[in-house]
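The values are calculated or read from the model by the stated rules, or taken from the named source; none is laboratory data. Since the model is a prediction, treat every value here as computed from it, not as a measurement. Glycine also receives a Cβ, built like all others from the backbone with ideal geometry; neighbour counts cover every protein chain displayed. Areas reflect the complete protein model, heavy atoms only, side chains present, ligands, DNA and RNA absent. Shrake-Rupley method; radii C 1.70, N 1.55, O 1.52, S 1.80 Å.
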Amino acid sequence: MKDRFHAPGDFAQAYVIAHEIGHHIQNLQGISDKVQHARQSARNEAESNAYSVRLELQADCYAGVWAMHADGENRILEAGDVEEAMTAAAAIGDDALQKQAQGYAVPDSFTHGTSRQRMHWFNQGLNTGDIKKCDTFNVASI
Ligand SMILES: [Zn+2]
């Protein structure tokens, strides 16, 4: 994270791990299966990718929920930690990654969301601490 994405700090790593655990929760909730099916019956690649983006942003939101509760119970958050997670979320947004790799971004090909969206949904989880507020599938705009 530090070398490749210029996103240093222990909490940048915690955010990435919490995001992956978020996917595990989505598996348990059956959400991943539903998204898999929706992607298969999508009319085109862009529509299929849009489902993926909502799944990934939900995992970001779950990571924020974890951070809020972990801090509440154990006071783990130190000064600068949230900023580390935000820097990481921004660095691994599809727009940032594509610009870094090819010099430009192709929104229809995004599968994880933009930097702004990833920061927004991590914050949504962090500020609410409620996975019910992470329903990225039933909001008009992500
Ligand atoms: Zn993911």
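If only one of ALA46, ALA59 is away from the ligand (no atom under 16 Å from the Cβ) and assigned to a helix (DSSP H, G or I), which one is it?
When all the criteria are applied, what remains is ALA46.
Buried (at least 17 other Cβ atoms within 10 Å of the Cβ) and without any contact (Cβ under 8 Å) to a residue 24 or more places away in the chain: does that describe TYR15?
Judged against the criteria, TYR15 is not a match.
May I ask you to say which residue of VAL53, VAL35 is in contact with a Gly (Cβ under 7 Å, 6 or more places away or on another chain), at pLDDT 95 or above and either in a loop (DSSP other than H, G, I, E, B) or within 15 Å of the ligand (Cβ to nearest atom) (or both)?
Being in contact with a Gly (Cβ under 7 Å, 6 or more places away or on another chain), at pLDDT 95 or above and either in a loop (DSSP other than H, G, I, E, B) or within 15 Å of the ligand (Cβ to nearest atom) (or both) holds for just one of VAL53, VAL35, which is VAL53.
Please verify whether region 58-78 includes one or more residues that are modelled with pLDDT of 95 or more and over 20 Å from ALA14 (Cβ atoms).
No: region 58-78 contains no residue that is modelled with pLDDT of 95 or more and over 20 Å from ALA14 (Cβ atoms).
Give the residue, chosen from ALA101, ALA91, ALA67, ALA50, that is among the aliphatic types (A, V, I, L, M) and either in contact with an Asp or Glu (Cβ under 7 Å, 6 or more places away or on another chain) or closer than 17 Å to ILE142 by Cα (or both).
ALA50
Given (1) open to solvent by 60 Å² or more (accessible area, probe 1.4 Å); (2) within 16 Å of the ligand (Cβ to nearest atom); (3) touching a helix residue (DSSP H, G or I) at 6+ places or on another chain (Cβ under 7 Å), identify the lone condition not met by LYS133.
The failed condition is (2).
Starting from residues that are assigned to a helix (DSSP H, G or I) and charged (D, E, K, R), keep the ones in region 78-92 and report whichever is surrounded by the fewest Cβ atoms within 10 Å (Cβ to Cβ).
Here the residue is GLU83.
Would region 29-52 turn up any residue that is in contact with a Cys (Cβ under 7 Å, 6 or more places away or on another chain) and open to solvent by less than 40 Å² (accessible area, probe 1.4 Å)?
No, region 29-52 contains no residue that is in contact with a Cys (Cβ under 7 Å, 6 or more places away or on another chain) and open to solvent by less than 40 Å² (accessible area, probe 1.4 Å).
Which residues, taken from region 93-119, are touching a residue at least 40 places away in the same chain (Cβ under 8 Å) and open to solvent by 30 Å² or more (accessible area, probe 1.4 Å)?
Once the filter is applied, which keeps residues that are touching a residue at least 40 places away in the same chain (Cβ under 8 Å) and open to solvent by 30 Å² or more (accessible area, probe 1.4 Å), region 93-119 yields ASP108, SER109, THR111, HIS112, GLN117.
Tell me whether region 69-77 contains one or more residues that are out of contact with any strand residue (DSSP E or B) (no Cβ under 7 Å at 6 or more places or on another chain), in contact (Cβ under 8 Å) with a residue 12 or more places away in the chain, closer than 17 Å to TRP121 by Cα and surrounded by fewer than 18 Cβ atoms within 10 Å (Cβ to Cβ).
Yes, region 69-77 contains a residue that is out of contact with any strand residue (DSSP E or B) (no Cβ under 7 Å at 6 or more places or on another chain), in contact (Cβ under 8 Å) with a residue 12 or more places away in the chain, closer than 17 Å to TRP121 by Cα and surrounded by fewer than 18 Cβ atoms within 10 Å (Cβ to Cβ).
From the set of residues in region 1-32 that are farther than 17 Å from LEU97 by Cβ and among the small types (Gly, Ala, Ser), which is nearest to the ligand (Cβ to nearest atom)?
Looking at the filtered set, the residue picked out is GLY22.
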